[in-house]
Amino acid sequence: MTRVIGNIAIVGTGPTAIYLLQHLIAEAGPCFITLYERSGLAGVGMPYNPETTHAAMLANIASIEVPPVAETLLSWLQRQPQVILDLYGVSAETLSDRTFVPRVLLGGYFRDALETLVARGREAGVQIALREGSEVVDLRPDPDGIWLEIAAGDVPQQPILHDRVILAIGHSWPQAARVGTPAPRRLVPSPWSGLLEGGVPAAPIGILGTSLSAIDALVAVVLQHGSFTDDPGGGLVYTLLPESRGLHVTLMSRNGLLPEADFYCPLPYDPPKVMTAHAVAAAVGEGNAGLLDRLFALFLAEFRAADPAAPVLGAADEPTPDTFADHYFAARKAADPFDWAAQDLREAEANQAACRTVAWKYAILRVHEIFDAIYGDFDAGDRARFDAGLKRVFIDNYAAVPPHSIHRLLALRRAGLIDVLALGEDYEIAEARGGIAVNGNNERLRLAAVIDARGQGAQGAADLPFAGLRAALDTSDERGGPVPLSGDLEILCPAATPGRIWLPAAPFLLHRRPFLQGIPGCAAMGREVGAAVVASLAAGPRGVPAGPYDKAAAVPVGSDRIASGTGHG
């Protein structure tokens with residue numbers, strides 16, 4: 001069988017695309033690859049782009065957890081000039097593989113990795129075109145392959161035909177107007193939608209959410225009105241500008257809980273002692289009925305083995321899949337959120353200094369990926385039970401934030417500038433005269449603006465940003481549901497086309513992978529889809545001969561586009 005020479009398009013150039021490109025360069029052999037990036041800076045990804053991300057916003061992942069591309073994140077950081085690190089408050093002397101750094105530095109790492117991969121690929125005979133400032137505005141499968149319609153700025157380009165397309169499109173946030181003048185906006189749809197561009201008024205502001213994304217939004221707001229400095233006695237001090245005395249921020253969520261500080265643990269994970277692959281396979285092998293209860297029994301045994309005296313186990317009644325979350329959050333709900341945050345921070349920093357692991361927290365962290373992989377096997381009843389209970393525990397555990405973020409929260413609290421509001425399950429947020437009215441849990445607030453920082457939920461076929469692809473998938477039982485995907489994330493497109501499309505984009509996979517997130521998730525999707533694309537090239541029956549290589553699109557990437565190798569210009 002003749003091997004097909006692939007004409008491959010990768011839409012989006014964030015971390016998922018970079019890990020995918022790494023695999024293709026290593027395994028695919030000669031092929032044509034075109035990377036399309038709608039922004040002017042490829043490789044950084046939306047959360048790490050200096051155009052949308054404040055330099056003070058911290059990444060929620062350290063080098064030890066970032067799968068290396070050309071080198072580890074730590075080695076890349078260590079070879080950056082101190083003058084660059086100083087811009088982001090990073091000291092070369094204290095760098096370690098567990099240091100949290102600003103998001104934009106992580107973006108610089110991935111930009112440099114992309115440049116290295118492009119150079120390596122071309123040396124290996126892979127023809128690579130990088131098209132920055134080129135937005136894929138539509139995608140149309142047809143009998144010839146897959147046509148991409150491209151716009152460079154506001155100028156449409158000639159459609160381009162590919163036989164394989166990977167939609168590494170990540171999250172999709174609204175592109176909204178500024179918060180402040182000249183077009184005041186009171187409901188801000190995400191921290192990434194113009195928040196940094198406009199002046200947030202020195203007035204009562206609400207932020208929906210309490211996770212790291214909400215803290216990012218909070219930092220973006222308060223740094224427009226003051227600054228953080230180190231407290232000689234430890235921690236941070238926030239100083240408000242005199243003209244901003246009207247500023248006050250309320251973090252709002254259903255339960256009103258702040259995230260905990262990242263905790264020390266061995267990485268990579270130690271294997272579970274009770275919830276082993278064999279035990280899990282046996283539980284799954286008994287069928288869908290009762291699967292959640294069988295898995296929870298294994299989890300509880302793992303949890304007890306880790307620490308029989310864990311606080312959750314001190315409850316009067318035996319935890320179940322439906323009550324474990326109540327036991328887990330009970331003490332936290334009863335405490336003042338800032339008092340709890342301060343105590344948890346002290347413990348987390350002491351444990352980090354002593355390399356000491358809280359065994360029961362580590363047990364939760366180690367098994368959440370098991371539940372992630374099996375979630376799709378739950379029947380509707382078990383899935384609803386899991387979503388209402390255990391899912392919240394696992395998210396709270398793995399979404400612990402950098403300790404420095406907790407220091408910022410506590411500094412703002414000491415300055416009298418923030419509160420936390422538990423909205424409850426039944427709340428209302430609506431525009432009112434001159435602002436936003438918030439009613440929840442017997443509390444009423446009148447705010448100048450509300451920023452939605454809850455993150456993006458699961459998306460379906462109707463949310464795909466390409467009208468041609470939506471039309472190709474428009475069947476009565478699929479339109480309102482998830483995108484139909486194979487096990488290796490290939491879109492099951494009914495259109496008669498030899499082309500193939502993959503969708504390694506987390507929002508479209510959350511219906512079956514609820515904990516798919518972060519850089520490790522990007523790496524996993526990149527490897528998975530990369531292997532599928534390589535296999536498709538070897539198999540060949542749906543392949544088409546590659547079209548001519550678009551030399552005009554082969555934009556060279558090099559050090560002239562990067563200042564001091566940081567990827568931030």
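The values are calculated or read from the model by the stated rules, or taken from the named source; none is laboratory data. On a predicted model such as this, the values are computed, not experimentally measured, just so you know. Virtual Cβ from ideal backbone geometry, glycine too; neighbours counted across all protein chains shown.
Count, please, the residues in the stretch 271-312 that happen to be over 15 Å from Ile370 (Cβ atoms), without any contact (Cβ under 8 Å) to a residue 12 or more places away in the chain and of a type in the set (A, V, I, L, M).
1
Looking only at the stretch 350-389, filter to residues that are farther than 25 Å from Asn255 by Cα and among the acidic types (Asp, Glu); which one of those is modelled with the lowest pLDDT?
Residue satisfying both the conditions and the ranking: Asp377.
This table checks each residue for (1) in a loop (DSSP other than H, G, I, E, B); (2) more than 17 Å from Pro141 (Cβ to Cβ); (3) at pLDDT below 50.
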{"site": "Asp474", "(1), (2), (3)": "yes, no, no"}
{"site": "Pro482", "(1), (2), (3)": "yes, yes, no"}
{"site": "Pro545", "(1), (2), (3)": "yes, yes, yes"}
{"site": "Ala552", "(1), (2), (3)": "no, yes, yes"}
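It is to be established whether one or more residues within the stretch 502-513 are more than 28 Å from Val367 (Cβ to Cβ), modelled with pLDDT of 95 or more and crowded, with 17+ Cβ neighbours inside 10 Å. If you could, list the steps in order and put the result at the bottom.
In the first step, residues of the stretch 502-513 are kept if they are more than 28 Å from Val367 (Cβ to Cβ); the result is 502.
Going one step further and asking which of them are modelled with pLDDT of 95 or more, we end up with 502.
Those left that are additionally crowded, with 17+ Cβ neighbours inside 10 Å: 502.
Yes, the stretch 502-513 has at least one match.
Matching residues to (1) at pLDDT 90 or above; (2) in a loop (DSSP other than H, G, I, E, B); (3) under 27 Å from Asn439 (Cβ atoms):
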residue: Ser190; (1), (2), (3): no, yes, yes
residue: Gly198; (1), (2), (3): no, yes, yes
residue: Ala202; (1), (2), (3): yes, yes, yes
residue: Ile205; (1), (2), (3): yes, no, yes
residue: Phe228; (1), (2), (3): yes, no, no
residue: Gly246; (1), (2), (3): yes, yes, yes
residue: Val249; (1), (2), (3): yes, no, yes
residue: Pro272; (1), (2), (3): yes, yes, no
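Going residue by residue through the stretch 407-417, is there one that turns out to be assigned to a strand (DSSP E or B), surrounded by 15 or more Cβ atoms within 10 Å (Cβ to Cβ) and not acidic (Asp, Glu)?
We begin by selecting, within the stretch 407-417, every residue assigned to a strand (DSSP E or B); these are none.
Among the residues of the stretch 407-417, not one is assigned to a strand (DSSP E or B), surrounded by 15 or more Cβ atoms within 10 Å (Cβ to Cβ) and not acidic (Asp, Glu), which makes the answer no.
For the subset of the stretch 72-84 comprising residues that are in a helix (DSSP H, G or I) and in contact (Cβ under 8 Å) with a residue 60 or more places away in the chain, which member is nearest to Arg103 (Cα to Cα)? Let's see the steps before the verdict.
Our first condition is that a residue be in a helix (DSSP H, G or I); within the stretch 72-84, this holds for 73-78, 82-84.
Within this subset, residues satisfying the condition of being in contact (Cβ under 8 Å) with a residue 60 or more places away in the chain are 83-84.
Working: Val83: 17, Ile84: 14 Å.
Looking at residues that are in a helix (DSSP H, G or I) and in contact (Cβ under 8 Å) with a residue 60 or more places away in the chain, I get Ile84.
Yes/no matrix, rows are residues, columns are (1) among the small types (Gly, Ala, Ser); (2) in contact with an Asp or Glu (Cβ under 7 Å, 6 or more places away or on another chain); (3) under 28 Å from Asp97 (Cα atoms):
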| position | (1), (2), (3) |
| --- | --- |
| Leu300 | no, no, no |
| Val312 | no, no, no |
| Asp344 | no, yes, yes |
| Trp360 | no, yes, yes |
| His368 | no, no, yes |
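With out of contact with any Ser or Thr (no Cβ under 8 Å at 6 or more places or on another chain), of a type in the set (Val, Ile, Thr) and surrounded by 12 or more Cβ atoms within 10 Å (Cβ to Cβ) as the only criterion, which of Val237, Val280 stands out?
On inspection, the qualifying residue turns out to be Val280.
So Arg98 ticks every box in (1) under 25 Å from Asn7 (Cβ atoms); (2) touching a Ser or Thr at 6+ places or on another chain (Cβ under 8 Å); (3) surrounded by fewer than 16 Cβ atoms within 10 Å (Cβ to Cβ) but one. Which box is left unticked?
Arg98 satisfies every listed condition except (1).
Before we move on, is Arg446 surrounded by fewer than 15 Cβ atoms within 10 Å (Cβ to Cβ) and either in contact (Cβ under 8 Å) with a residue 12 or more places away in the chain or of a type in the set (A, V, I, L, M) (or both)?
Working: surrounded by fewer than 15 Cβ atoms within 10 Å (Cβ to Cβ): yes; either in contact (Cβ under 8 Å) with a residue 12 or more places away in the chain or of a type in the set (A, V, I, L, M) (or both): yes.
Yes, satisfied.
For Glu71, are the conditions met, namely being out of contact with any Ser or Thr (no Cβ under 9 Å at 6 or more places or on another chain), modelled with pLDDT of 95 or more and under 25 Å from Pro268 (Cα atoms)? Reasoning before the result, please.
On the way: out of contact with any Ser or Thr (no Cβ under 9 Å at 6 or more places or on another chain): no; modelled with pLDDT of 95 or more: yes; under 25 Å from Pro268 (Cα atoms): yes.
So Glu71 fails the test.
Residue pairs, Cβ under 7 Å, 6 or more apart or interchain, first in the stretch 197-212 and of a type in the set (A, V, I, L, M, F, W, C), second surrounded by fewer than 20 Cβ atoms within 10 Å (Cβ to Cβ) and modelled with pLDDT under 90. List them.
Correct list of pairs: Val200/Gly180; Leu208/Arg454.
Looking only at the stretch 257-269, count every residue that is crowded, with 18+ Cβ neighbours inside 10 Å and either among the hydroxyl-bearing types (Ser, Thr, Tyr) or under 15 Å from Leu218 (Cβ atoms) (or both) and tell me the total.
Number of matching residues: 3.
Looking only at residues in the stretch 418-438 that are in contact (Cβ under 8 Å) with a residue 24 or more places away in the chain and part of a loop (DSSP other than H, G, I, E, B), which one is nearest to Thr210 (Cα to Cα)?
Leu423
Being within 28 Å of Leu485 (Cα to Cα) and either free of Cβ contacts under 8 Å to residues at least 60 places away in the same chain or out of contact with any Gly (no Cβ under 8 Å at 6 or more places or on another chain) (or both): is that true of Val69 here?
Working: within 28 Å of Leu485 (Cα to Cα): yes; either free of Cβ contacts under 8 Å to residues at least 60 places away in the same chain or out of contact with any Gly (no Cβ under 8 Å at 6 or more places or on another chain) (or both): yes.
Against the criterion (within 28 Å of Leu485 (Cα to Cα) and either free of Cβ contacts under 8 Å to residues at least 60 places away in the same chain or out of contact with any Gly (no Cβ under 8 Å at 6 or more places or on another chain) (or both)), Val69 qualifies.
Just one of the numbered conditions (1) surrounded by fewer than 18 Cβ atoms within 10 Å (Cβ to Cβ); (2) out of contact with any Phe, Trp or Tyr (no Cβ under 9 Å at 6 or more places or on another chain) is not true of Ala202; which one?
So the condition that Ala202 fails would be (1).
Quick one: Gln224 ticks every box in (1) without any contact (Cβ under 8 Å) to a residue 40 or more places away in the chain; (2) surrounded by 15 or more Cβ atoms within 10 Å (Cβ to Cβ); (3) in the same structural domain as Trp360 (by TED's automatic domain parsing) except a single one, so which number is it?
Of (1) without any contact (Cβ under 8 Å) to a residue 40 or more places away in the chain; (2) surrounded by 15 or more Cβ atoms within 10 Å (Cβ to Cβ); (3) in the same structural domain as Trp360 (by TED's automatic domain parsing), only one is false for Gln224: (3).
Which of the residues belonging to the stretch 1-36 are buried (at least 24 other Cβ atoms within 10 Å of the Cβ), of a type outside the set (Ser, Thr, Tyr) and in a strand (DSSP E or B)?
Residues satisfying the conditions are Asn7, Ile8, Ala9, Ile10, Val11, Ile33, Leu35.
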